[in-house]
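What follows is a short report on a single structure.
The values are calculated or read from the model by the stated rules, or taken from the named source; none is laboratory data. Keep in mind it's a predicted model, so treat the numbers as computed, not measured. Cβ: placed from backbone, ideal geometry, glycine included. Neighbour counts: every protein chain shown. We work out accessible area using only protein heavy atoms, side chains counted, and drop any ligands, DNA or RNA first. Shrake-Rupley method; radii C 1.70, N 1.55, O 1.52, S 1.80 Å.
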Amino acid sequence: MNAFEYARPQSLEDALALLGDSWGEAEILAGGADLVTALKQHLVEPKRVVSLRDIPGLSGVEKGANGFRIGAMTSLAALLEDAALCAAFPSMASAIQGVGSRQMITQGTLGGDLCQRPRCWYFRTGHGLLAVENGTPLVENGDNRYHAIFGNAGAAKFVSVSSLAPALIALEATFTAVGPGGKTREIAASDFFHTPQTGEERETVLAPNEILTHIALPDRGRKNATYEVRHRHGLDWPYATASVAFDYEGGRATGVRVVLGHVAPVPWVAGAAAAAIEGKAIDPASAVACGEAAVMGATPLSGNGYKVQLARTAVKRAVLAAAGIPLEVS
Amino acid sequence: MAAPQWPEAKDRALLGHRVTRLDGPVKASGRAKYAYDINRPEMLYAKLFASPHAAAKIVDIDLSAAEALPGVKTTWRDESVIGGEAQYQGQVLAAIAAETEELAHDAIRLVKVTYELLPIKINDRDPALAEGRDASKDEGDPDAAFAQADFVHEGEYGLPVVAHCCLEAHGQVAEMRDGDMYIWPSTQNVSRYVDSIAENVEIPASQMHVDCQYMGGGFGSKFRPGRWGIICSILAKQCGRPVKLMLDRDQELMAAGNRPSAFGKVKIGAKEDGTVIALDSLLWGTGGMGGFREPSLPYVFTNIPNWRRIGKRIPTNRGGQEAWRAPGHPQACLFMMSAMEDLAAAMKMDALEFYKINCVHTDKPELYREQLDIAAELIGYKQKAHLRGEGGTGTLRRGLGLGVHMWGGMGHPAKCDVTIHPDGSVETRIGTQDLGTGTRTALAIVVGETLGLPLEAVTVNIGRNAYPEAGASGGSTTIGGISASSRLAATAALNALFEVAAPKLGVAADALEAKGGLIREAAKPANAIAWKDACGLLGPNPITKQGENVPGESQKMGLIDAGVGGCQIADVTVDMETGVVTLNEMVAVQDCGLIVNLKLAESQMHGGLIMGITYALYEESVYDPTTGRMLNADMEFYRIAGLKDIGKLKVHMMTGKGHDERGVIGLGEPPVISPGAAISNAVANACGVRVPELPLTPDRVIAALRKGGVLS
C-alpha cells in the first residue's frame, strides 16, 4: 500500500473536517476488514485514512419505544450478542452468522458491512470498478458466474455484497448520515444504495465528506427471515440471498417486503415478489409463487443463469422461514 | 546378530503403533521455524516483478526508477526474456531486494517494462485447439468389441487446472558467509536442492549449505528451487547480505505450479453380465505451454482387453504444470470410475457389484474385492445404497459413489548414518525432509525399534544437505527410503555394539538382542546389560554406520515394496433446488504394506481426503478469457474446504498378514486419487444425472439438472 496520513479524530466534527470533497482523497476506517485489503491491492490510494474508532456515540445498540438505534461502528459480534435485537430480527442474526468467520464478525462493523466495496474479481484484480480493458467490457465477455442477474443493463455488473442491507431494507430501516457543518440527513435504507455509472462513483449515495453514523430499525413485531445459498460453511460469500419481512396477523401476510442480495449492483427490492403474497396465507405454494415472481425479468449474463434458480429458491425459503414453516427435507 | 528384516508383530515396541508426532509441540507452539520464519542479521527482503500479461513480447525492462528508491540494495532482471516473450501472467521478469518488505513492494511498482501484447491462448475446453502430434495407444480390437457389447455408454468428463496451494509459500532465505552460501528453503528435495542454484551463482555445490527443518507442504511443486530460489541466491551473492524471498499468495497460485486440466469423452462397453470388454477415450487438456500428458486409461482396470486412447495437448498461457500429488491419477480415476458407474447405471446394476465383477480386469482382483467389501461395510452400503436417481423425490437427496485407485510407492535411494555414542545417546543423520507427514517421527520409530530404545532416546537429524543423501519426497517414496536406510544403519551399528558387549555378557555377539533398553542374551534374557552401560564399553569412540537403501535389494530383503490399491466411498447430499453438494461421509480403505506409524498413516489419509474433497467440490483456477489473467489468485475465490465442509472421514488401513511381510510402502499419493471420482459418482447417484466436470459447484450441478430435465 502507499504511505498515507493516519488520523484518529476524537469527534465527529473533527472527522468530517478531515474528509475530502472528492473520492480518493480520504478513506474512512471502521473495522478495516475491507479497507486494509483494498489499500494493499492499491484499489484505493488515499492521502489520508480517517479512523472512526475514537469517536464517542458511534457504537452500541439502544432499544427505544419504537425500535432500535444502532451505531454504525457497532461490531457484528455485538449485534449478535444483543438478545433483544436478534429475537426481534432473526433475519439480521442469520445474515451475520452467515459471514462464517468469527474473526470477521468480531472485527467487522455494521457501517462497514453496508459501505464495503464490491468483490467483483475484475475490480479486485485491478481492472476498475466497471472492468473495461482496451474498450472491451470484461465481465460481459468474461467469467461472470458471480455477477448480477438484475439491474445489469448499465456498465455495472458487479453485485452488492452487504450481508445486512437486504434485511435492513426489508425491515424498513433508516440510515443517518452526517456531512459538512454537522448537517444530518436521514436516508431510507432502500435509497442508500446506488448503481455507479462511471468507475469513479461509489456504490452508495453518501458524499465523500459524509459519514454514516446510525441505523434506526423500527420494531413492529414483523415476521422476518434471511436465507442465503452458500456452498462452503466457513468464511465465504453466498451465491444469492433473500431477506423478507411481513406482518402476519390472522394468517395473512401484509406489508410484504422482499429484498435479494448478491444479485444486482444494489440490494434488489423485488416488488413483484412482495405483491405475489400480499394479503395471502403463507404456505409452500405461495412461497413458490413468491420466488417465481422474484425472478421474473431477470437478465442473467452468459455464465450466471444458475443464479436465477438460486435467487428463486432463496426467496421461497426465506418466506417459509419467516412464517415458521420448516423446509421440506427428505 | 541383529538382522535387518522387520520384527514380527509380537516383537514390535514402536513399529506400527499409534505414535504421536515428535514435532507436534514445536509446531503447535510456533517454535518450529519455517523458511518464512528465518531472520538473519542485516537481512534484505526481495520481491518479484512478474508479467501482468498472459502473452507479451518484452521490449525492455527498466529498473532505474526502482534502483533510485532509497533502501533498494540490489536488483535482478531476466536478460534472456528481453526481446523474447512472457508466456503467462505471473512470469518473473525482475526482482528487487530492499531494506524492508514494504520498500521492496514499493520498488516493484517502479519497475517499467515495455510490452507488445500478443494474442493469448487460454481456452482448454476445445480439442480442436490441440497442437503437436496426438498421443495414441491401443490394445486389442476396441471397435469389434463395442460391436459385441450388450451395453455401451458414452460420457464426457473433465476437471480444470488447479494449483498446489501449499499452506507455506515457495521461497527461501540465502546468505553468503566466507565464500559459502547458506540457504533456508522450503523444499521437498534437501539433498539436491542446490544443484541448479550452484550453476547460476557459480559457487561449488560443496560450498552451499541447505537447512530445511519444517515444511508447510509441497505436493510436488517444491522439488526444485524454482526461479525464485535461484534469484534469491543471486541477489544474496550480489549484495553480500542475507536475502529473504518468499512468494506472495497471488504469485503462489499463478506461477508456482499447476495440475493440468483434463477433459474427454469416454466410451465404455460391457457384456450383459457386467463385464467390461471395451474402452475408448479421447482426452485433452493443458499444463500451460507444455507439459500435458493424457491421463492413462484404462485406469486400475488395466486388463480390459480392448481399448484405445488418444491424447491431445492444448498449449495455453498459464503458469507451467508441476507434479501434483499422484500426477495424472486423479484425472484418470475420475474418467474411469465415472464411465464405470455411468455404464452400471445405464444397465440398472448396483455400482458396487459392477466394480466387483470387473475386479477381474485389475492386477489385484482379490485385494480390490476385499477393499470394496470393507469400504461398503464401513459406510453401511447395504442400508444406504440405491440405483442412480432412485433416491426419492425430496429436495435433499442422498447418494453413494465409489472410486478405486492404485499407486507404486517404492522407497527411493537413500543413505542414513546412525551413531551410537559412548554415553548411550543415539542420533541419525539423513538428508531427507519432513513435509509435515511425519518423516522425523518415522526415523525415530525405526531406529528406536531396532535398538530396543524408546522414541525419546533417538535424536533425529534431517533437513541438511550435509547429511547423507536421500531422495526427493515425491511419488510416495520417502517412507520406504528412510525406513530401509535407517533400519540398515541402525542394525549395523547395533551389531558393532554387540561385538563390544558380548565379552562382558560371556556370549557370542550373534546371541544378543536389544530390547527394552537392554542388551541381553536372546535365549537367556536375564543375562543383560543396560544400554547405557553397554555403550560405556565403547571407550572414546562412537559407532557410526551407514545404511543405504538400494530399492531392488531392500525389496528382496522384505524391507520395502511397491504397488498398492485403495477404495473410497462418498456419501453426499444434493440440494436439488440450489445444486449445493454437502459431503456427509467418506470412507477410505488402503493398503500400504508394513505401516511404520499407524496414527500418522491415518493422518496422511485424512490429509489426502481433505485435499481430494477440495478439488472435488471447490477448487479451480479461473482465467479470464479476454486477458488470460487469473481471476482468483487469492484465498477468497480460490476456494478450499474448511473443517465444516469435509463431513465425517473414516479411514481403514489394511495391516497384518499379507501386508506386513511386504515391507514399507509409501502412502503420500494414494488417498488423494479417488475422492473426485467417488464424490462425482455419489452426486450422480443422488440426483440422477452426471455432473460432468469438477468441481461440483452449484452452477455446474444446476446446469446438469437442467440438461437432464430434472430441473426446468
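Below is a table of values for the structure above.
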item	result
Percent of C-alpha pairs per 20 Å bin, the protein assembly as shown, short to long	12, 37, 36, 14, 2, 0
Over chain B, volume per residue of the alpha carbon convex hull, in Å³	164
Mean projection area, nm², convex hull over Cα of the range B:513-601	11.7
Chain pair A, B: total accessible area buried, heavy atoms, 1.4 Å probe, Å²	3300
222 nm mean residue ellipticity, helices alone, for the protein assembly as shown (DSSP H n ≥ 4; -39,500 (n - 2.57); rounded to 500)	-8000 deg cm²/dmol
Chain B - percent relative contact order, Cα under 8 Å, separation 6 or more	17
Gap separating the Cα centres of the range A:183-218 and the range B:145-167, nearest whole Å	51
Angstrom value of the Kirkwood radius, inverse mean 1/r, which spans all Cα pairs in chain A	20.2
Gyration tensor (Cα) of the range B:323-384, equivalent ellipsoid semi-axes in angstrom	21, 16, 13
Kirkwood hydrodynamic radius of the range B:1-141, Cα pairs, Å	20.8
Debye log10 I(q)/I(0) for the range B:453-555, one point scatterer per Cα, at q = 0.10, 0.21 Å⁻¹	-0.35, -1.11
Percent of C-alpha pairs per 5 Å bin, the range A:1-125, short to long	2, 10, 18, 20, 18, 14, 11, 5, 1, 0
Sorted peptide list for B:319-328, A:83-92, criterion being average Cβ within 10 angstrom, highest first	B:319-328, A:83-92
Residue-averaged beta-carbon neighbours from other chains (10 angstrom radius) around B:624-636	6
The range B:587-669: C-alpha pair distances exceeding 20 Å, %	49
Accessible-area composition of the protein assembly as shown, carbon plus sulfur, in percent [1.4 Å probe]	52
Most positive-pole-ward Cα, B:ALA562, B:GLN590, A:ILE28, against dipole of the protein assembly as shown from beta carbon charges	B:GLN590
Kirkwood Rh (inverse of mean 1/r, distinct Cα pairs), the range B:415-483, angstrom	12.1
Those residues of the range B:677-708 for which accessible area with every protein chain present is at least 20 Å² below the isolated value (1.4 Å probe)	B:PRO698, B:ASP699, B:ILE702, B:ARG706
Where Rh is the Kirkwood radius over Cα pairs, Rg/Rh for the range B:100-148	1.44
Shape metrics for the range B:280-375, restricted to C-alpha atoms - Rg then Dmax, Å	15.6, 45
Cross-link reach list, lysines versus A:LYS280, counting only Cα pairs under 29 Å and skipping chain neighbours closer than eight places	A:LYS223, A:LYS307, A:LYS316
Local electrostatic count, B:PRO413, Cβ distance below 11 Å [Lys/Arg +1, Asp/Glu -1]	-2
Pairwise centroid distance, computed over Cα atoms, of the range B:298-327 with the range B:546-566, Å	28
When the convex hull of its Cα atoms is projected in every direction, mean area for the range B:195-351 (nm²)	13.1
Amide H contacts of A:ASN144 (H built 1.01 Å from N, under 5 Å, at least 5 apart or other chain)	A:GLY303
Delta accessible area of at least 30 Å² on complex formation, residues of the range A:230-244, 1.4 Å probe, chain isolated as reference	A:HIS231, A:ARG232, A:HIS233, A:ASP236, A:TRP237, A:TYR239
Ranked packing of B:685-698, A:175-188, B:506-519, most packed first, by mean Cβ within 10 Å	B:685-698, B:506-519, A:175-188
Cβ-placed point charges (K, R +1; D, E -1), dipole of chain B about Cα centre in debye, nearest 20	700
Debye, to nearest 20: dipole size of the range A:1-124, +1 on Lys, Arg Cβ, -1 on Asp, Glu Cβ	380
Zero-based 10 Å bins, Cα pair distances in the range A:124-230, whole percents	12, 36, 31, 18, 3, 0
Point-charge dipole on Cβ atoms (K/R +1, D/E -1) for the range B:61-146, about Cα centre, debye to 20	440
Tail fraction, Cα-Cα pairs, the range B:101-197, threshold 20 Å, whole percent	75
Table column - 3J(HN,Hα) (Hz), the range B:76-86, Karplus curve with 6.51, -1.76, 1.60, x for Gly and Pro	8, 9, 7, 5, 6, 8, 5, x, x, 10, 8
FRET efficiency for B:LYS33 and A:ARG48, using Cβ-Cβ distance with R0 set to 25 Å, rounded to 0.05	0.05
